[in-house]
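Colleague: Right, I'll just put the structure down here and ask away after.
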Amino acid sequence: FNLEPAHGVIAPGEICEILATFCSKYEVMLRDNKDIRCTISEPHTGQPFETFNILASARSYWSRFKLQPGRGLAFGAVKFNEVPRTRLFQIKNEGQFAFVFGCKDGGIEAKEDPGCDSAVRSATPLGLLDASELGPDGQPPVVPPEVIPKSIDRFTLTPSGGLVEPGQTLQVEVAFNPKGSPASHKAVISVLVSGSDPSDSATINALKFDIVGETCHPGILTNDFRSVFEEQDVIPSLAEALANKTSGDDIMMRPCYCEEEVLFTYGSVVCSSHPKGVVERFKISNPHKIPCSVKFTLEPVVSAVATKENTKGS
């Protein structure tokens, strides 16, 4: 408690008003507290002749809030150059008083964000501020909360701050822009809340709010031939397959893929044994994290050769 004035002289017939200020740096509850004691004394001699207690009741609260989700946001894999994906997180005021919150970059190499810090400091109770954070008038500079979008890495937060009344829930939209080459992106966001308990788990977790996303290119596996032709043989060249073939009727060249010629051969096929044709299966796999559309076409070798010759002639 702080009393102003704490002492004085009251002339006959006068009334003196005393202002009692309660300020606590912790969450406390006082009921019929007797810390304030009033002593009436003779003004000339200073001899006290009456003493009594002033009963006071008061309670102080921290700002209580809840982030949902509490640990962060995950966008997963997103196709490059698509329309930015959006996710939401919520901040709810579960306390007794309104508070101001602000979001800023919380990474190790993050730059200072005076706008966010000043806005939250402006709404913080004086008892929780250091003397260095106060202005010449004993008050922190008045700075309104930031509500404009703020970009951190590939993520944009809208709004990046605001005022939340008791019981109110405010949503923050986070947009992930999947531009450029495939890469994983992670941003650490610090959510600051005015008047919050620095030892509370919600405050500590809000300082490291992770947002992750990954930019991916669609595609299929084309360089691992042993995976594509897992039911057939993969050999260096067709010449090797022909060299291994013998003249016996019981030994025939099997289906295989020849790496040098970039050629698949069905091997030796007896027409009468397969009147409906020979079926071979290839394995087409997508090693990436997003779906892709694949179109397969068959072109005659003669057409390809003729096109090549025409290109040379022109």
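Colleague: Determine ³J(HN,Hα), in whole Hz, for all residues of segment 71-82 in sequence, where each value follows from phi through the Karplus function 6.51 cos²θ - 1.76 cosθ + 1.60 and θ = phi - 60°; x replaces Gly and Pro.
Modeller: 9, x, 10, 10, 8, x, 8, 10, 5, 4, 6, 7
Colleague: Provide the per-residue ³J(HN,Hα) series for segment 270-287, in order, calculated from phi with Karplus coefficients 6.51, -1.76, 1.60 and θ = phi - 60°, each as a whole number of Hz, with x at glycine and proline positions.
Modeller: Rounded to whole hertz, the list is 8, 4, 5, 7, 9, x, 9, x, 9, 10, 10, 10, 10, 9, 10, 10, 10, x.
Colleague: Calculate how steeply helix 301-313 sits against the longest principal axis of the alpha-carbon atoms of the chain, using the helix alpha-carbon long axis, and give the answer as 0 to 90 degrees to the nearest 10.
Modeller: It is inclined by approximately 80 degrees.
Colleague: Percent antiparallel among DSSP beta bridges with both residues in the chain, to the nearest 5?
Modeller: Rounded to the nearest five, the antiparallel share is 85 percent.
Colleague: To the nearest 10 Å², what's Met29's accessible area with a 1.4 Å probe?
Modeller: Solvent-accessible area, nearest 10 Å²: 110 Å².
Colleague: Got a sec? What order do Arg254, Arg121 fall in by accessible area at 1.4 Å, biggest, i.e. largest, first?
Modeller: The ordering from most to least exposed comes out as Arg254, Arg121.
Colleague: Could I ask something else about it? Using the 2.2 N^0.38 Å rule of thumb for compact globular proteins, work out how the chain stacks up: its C-alpha Rg over that value, please.
Modeller: Working it through for the chain, the quotient is 1.97.
Colleague: Sequence neighbours fewer than 8 away in the same chain don't count; with that in mind, list the aspartates and glutamates whose C-alpha is under 20 Å from Lys186.
Modeller: Leaving aside aspartates and glutamates fewer than 8 places away in the same chain, those within reach of Lys186 are Glu82, Asp105, Glu109, Glu112, Asp113, Asp153, Glu173, Asp210, Glu214.
Colleague: What's the FRET efficiency of Asp137 with Ala20 using the Cβ-Cβ distance as r and R₀ = 25 Å, to the nearest 0.05?
Modeller: 0.70
Colleague: Going from most exposed to least, what order do His185, His288 have by accessible area with a 1.4 Å probe?
Modeller: His288, His185
Colleague: Over the chain, what relative contact order in percent results from Cα pairs under 8 Å that are six or more residues apart?
Modeller: Reported relative contact order: 16 percent.
Colleague: Find which of Ala98, Pro141, Leu3 sits farthest along the positive direction of the dipole of segment 1-144, computed with +1 on the beta-carbon of Lys and Arg, -1 on that of Asp and Glu, about the Cα centre.
Modeller: The listed residue farthest towards the positive side: Ala98.
Colleague: Follow-up. How high is the FRET efficiency from Leu263 to Ser181, r the C-beta distance, R0 41 Å, rounded to 0.05?
Modeller: 0.80
Colleague: Still on this model: Of the candidates Pro275, Pro141, Pro125, which one comes out as most mobile in a Gaussian network treatment of the chain with C-alpha springs shorter than 10 Å?
Modeller: Looking only at Pro275, Pro141, Pro125, the largest GNM fluctuation is found for Pro275.
Colleague: Once you have a ≥ b ≥ c as the square roots of the Cα gyration tensor eigenvalues for segment 71-201, tell me rounded if a/c is under 1.5, and otherwise prolate or oblate according to whether a/b is larger than b/c.
Modeller: prolate
Colleague: Using 0.36 nm times the number of residues separating Leu3 and Phe52, minus their current alpha carbon distance, what extension gain do you get?
Modeller: Between Leu3 and Phe52, full extension yields an extra 16.1 nm.
Colleague: Let me ask something else about it. Using heavy-atom solvent-accessible surface (probe 1.4 Å) with all chains present, what is the largest-first order of Ile284, Ile211, Ile235?
Modeller: The ordering from most to least exposed comes out as Ile284, Ile235, Ile211.
Colleague: Another question, if that's okay. Of Lys208/Lys289; Lys79/Lys111; Lys92/Lys150; Lys150/Lys289; Lys150/Lys208; Lys25/Lys111, which pairs sit farther than 24 Å apart, going by alpha carbon to alpha carbon?
Modeller: The answer is Lys208/Lys289; Lys79/Lys111; Lys150/Lys289; Lys25/Lys111.
Colleague: Please sort by residue number the trypsin sites (Lys or Arg not before Pro) in segment 147-203 whose DSSP state is loop and whose Cβ has at most 13 other Cβ atoms within 10 Å.
Modeller: Here the sparse-neighbourhood loop sites are Lys179.
The values are calculated or read from the model by the stated rules, or taken from the named source; none is laboratory data. Being a predicted model, the structure only gives us computed values, none of them experimental. A quick note on method: Cβ atoms are made from the backbone with ideal geometry, for glycine too, and the neighbour counts reach across all protein chains shown. The protein model used for the area step is the full one, side chains on, heavy atoms only, and it has no ligands, DNA or RNA in it. Shrake-Rupley method; radii C 1.70, N 1.55, O 1.52, S 1.80 Å.
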